[in-house]
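The values are calculated or read from the model by the stated rules, or taken from the named source; none is laboratory data. Please read these numbers as outputs of a predicted model, since none were measured by experiment. Positions of Cβ are backbone-derived with ideal geometry, glycine not excepted, and every protein chain shown enters the neighbour counts. The protein model used for the area step is the full one, side chains on, heavy atoms only, and it has no ligands, DNA or RNA in it. Shrake-Rupley method; radii C 1.70, N 1.55, O 1.52, S 1.80 Å.
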Amino acid sequence: MIFAIVVLSLAAASHHPDKDHEIIIPDEIKWVDGPLSLPKGAKMVILEGDPTKDGPFVMRVKMPDGFKIMPHTHPKDERVTVIAGTLYLGMGEKFDEKAAKAMPAGSYGRTGAGMQHYGYMKGETILQLHGTGPWAVVYVNPNDDPRKKK
C-alpha cells in the first residue's frame, strides 16, 4: 500500500521561510535510529516540529514484529494513528498481552497525560504520533527504561 502524506504546516515557516506548506512522500522519508526512550530496533522520522520542545509535532515510529514497549506514561496527551501493521495497546501498570486491544492499520487512539499504558506490535508496524511537546516516555518500572541499559 502506498501512502502519500500531505502536511500543512503553520510551524513549517520556521524551517522553510519560503513555503507555507510541505508535502512528504514515502520515498523521501529518511528513517533514523531511536528515539532513545524506546528499545533498540525502533526507527523514527520527525515530520514536523520538535517533540523535545514546546509546540506541536508530528513523528513516525517504525517497529519490527514482536516489538514491546513496557508500561509507561507521557507528561502530555499522546495521539497515535496506526499507518501499517498492528499495535496492541493495553492500559495499566503491568504488561498483559491478553488485556491489550488490537489497533490495525487505520486505527486512531489517544492516551491522556499520565495514563499508564503499554504496547506490542504484530508485523512491522508504523505509528504516527502527534501532539504538543515536549514529548517524553516515563517508564512505570525504571528498570524497563532502555536509556538505563547502555
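Give me the residue from the range 41-62 that is in contact with a Gly (Cβ under 7 Å, 6 or more places away or on another chain) and small (Gly, Ala, Ser) and, out of that set, nearest to residue 131 (Cα to Cα).
55
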| task | Please enumerate the residues belonging to the range 42-56 that are open to solvent by 60 Å² or more (accessible area, probe 1.4 Å), modelled with pLDDT of 95 or more and in a loop (DSSP other than H, G, I, E, B). | result | 53, 54
| note | Considering the range 1-24, residues that are in a loop (DSSP other than H, G, I, E, B) and either open to solvent by less than 40 Å² (accessible area, probe 1.4 Å) or at pLDDT 90 or above (or both), and then whichever is nearest to residue 137 (Cα to Cα), we arrive at 11
| Could you give every pair whose Cβ atoms fall below 9 Å, whose first residue belongs to the range 122-136 and is of a type in the set (Phe, Trp, Tyr), and whose second residue is part of a strand (DSSP E or B) and modelled with pLDDT of 95 or more, counting only separations of at least 6 or pairs across chains? | 135/57; 135/59; 135/78; 135/129
| field | Identity of the residue in the range 74-83, assigned to a strand (DSSP E or B) and open to solvent by 30 Å² or more (accessible area, probe 1.4 Å), that ends up farthest from residue 131 (Cα to Cα) | value | 81
| remark: So, first residue closer than 18 Å to residue 122 by Cβ in the range 70-96, second residue open to solvent by 30 Å² or more (accessible area, probe 1.4 Å) and at pLDDT below 95, Cβ within less than 7 Å, six or more apart or across chains; the pairs are 83/3
| task | Check residue 39 against each of (1) surrounded by 19 or more Cβ atoms within 10 Å (Cβ to Cβ); (2) in contact with a helix residue (DSSP H, G or I) (Cβ under 9 Å, 6 or more places away or on another chain); (3) not in a strand (DSSP E or B) and name the one condition it does not meet. | result | (1)
| field | Residue list for the range 97-150, filter: charged (D, E, K, R) and either closer than 18 Å to residue 81 by Cα or modelled with pLDDT under 95 (or both) | value | 101, 110, 122, 124, 147, 148, 149, 150
| field | Total residues in the range 57-73, condition surrounded by 20 or more Cβ atoms within 10 Å (Cβ to Cβ) and either at positive phi or assigned to a loop (DSSP other than H, G, I, E, B) (or both) | value | 1
| remark: Selection over the range 84-125 where residues are touching a Leu at 6+ places or on another chain (Cβ under 7 Å) and either open to solvent by 30 Å² or more (accessible area, probe 1.4 Å) or part of a strand (DSSP E or B) (or both) yields a count of 8
